[in-house]
Amino acid sequence: MVECVGFKRSLTIVTNTSSSLSRFIAPRYWPTWAGIGASWCIARLPYAWLMHVGRALGGILGVLPGHRRRVASVNLALCFPELTEPQRHFLLKRHFQSLGMSLMETVLCWWADPVRLRGLAKMEGVEHLDEALKKGRGAILLMAHFTTVEIGTTLLSMHVPLRATYRPHKNPLFDEVMRRARQRHAPVIPHGNIRAMLRVLKDNKPVWYSPDQNYAGKHSTFSPFFGIPAATMTATAELARLSGAPVIPVFPERLPGDVGYRITLAPALENFPGSDIGHDTARINALFEEQIRRIPEQYLWVHRRFKTRPVGEKTFYGR
């Protein structure tokens, strides 16, 4: 009975808005509701147990045949040709363990008490953000899509009053609960809403932004990523030029031994943006690549980073 009350209280915190969730009572949403309830229960486990469960779950997913496993294998072969086949296989295994842990971390971000979360973070370089905000133009917090992106952004928001960009999920109930859970820690901005980001920066607040996924559109260019042309958004340089906001790289890292995370804020990029947006975009990709090479298992390799190819070049992932 106590546990049920606790779950209702947690759910109320996440869903406490004027928009009712009664529209999601149809049977097709029952599996999602079951998953939400299970995630709340799992979040009660000690942190070390959660990481153990995550590694075990990821280990199982890593040996099952499937689309995401094939994508990750292709990405690792493209980006690490210097590794032997057994070395890449071992890296793939560790990556799926990292993915499993990221699922447990998401559960923590949604349901855990903020005090419990705060104790997992080791912050470094916050003074670089303080210095940037003295200019009065906000700051762009630049983070790559590591498997720690959810908990890294959540932990960062507990020390920095940031705004985070947000991409809707296809499942409307899951999307609603996820969005509200994230807003417990930081207000969200729809992904691609440049005007909203500019307003936040004008108010001298930091905006979290992650531009390292495949994007083929007007505001993109092919830029080297691990030596391979990758369709990359140019919005970072464009946003910095329009706002005058400094760009501060942020690197989340899951520490060994299940002791928590290090969130490192680097000094603001110098002479950014420059006169060539292609050079600016390549500079960001190189920055991400440097960090990925240091902890490669923690990057999100299941994403089809090289899906869009230059005209005349072959696809890597098939259909």
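Remarks
- Of 201, 83, 50, the one that fluctuates the most in a GNM where the chain has Cα springs shorter than 10 Å: 83
- Helices in the chain, meaning DSSP H runs of at least 4 residues, each add -39500 (n - 2.57). Divided by all residues, the mean residue ellipticity at 222 nm is -15500 deg cm²/dmol.
- Long-range amide H partners of residue 220 with built H, under 5 Å: 234
- Positive-pole candidate from 233, 148, 193, dipole of the chain, charges at beta carbon: 193
- Convex hull (Cα only) mean projected area of segment 135-177, reported in nm² to one decimal: 4.2
- DSSP H segments from the chain that extend 20 Å or more along their own axis, Cα-based, with Kyte-Doolittle mean of 1.0 or above: 47-63
- Amide H contacts of residue 299 (H built 1.01 Å from N, under 5 Å, at least 5 apart or other chain): 147
- Each 5 Å bin from 0 upward holds the following percent of the Cα-Cα pairs of segment 155-224: 3, 14, 22, 21, 20, 13, 7, 1.
- Shown for the chain: lysine pairs separated by 8 or more places, or found on different chains, whose C-alpha atoms are under 21 Å apart, numbering 6.
- Karplus-derived HN-Hα couplings along segment 213-223 (A = 6.51, B = -1.76, C = 1.60, θ = phi - 60°), whole Hz, x at Gly and Pro: 9, 4, 8, 10, x, 4, 9, 8, 8, 7, 10
- Computed over every Cα-Cα pair of segment 72-171 and binned at 10 Å starting from 0, the pair-distance distribution P(r) comes out as 12, 33, 29, 22, 4, 0 percent.
- Under the Debye formula (equal points on every Cα, no solvent term), log10 I(q)/I(0) of the chain at q = 0.11 Å⁻¹: -0.74
Each reported figure results from applying straightforward, stated rules to the coordinates on display, with no laboratory input. Keep in mind the model is a prediction, meaning the values are calculated, not measured. Note that we place each Cβ from the backbone using ideal geometry, even for glycine, and neighbour counts take in every protein chain shown.
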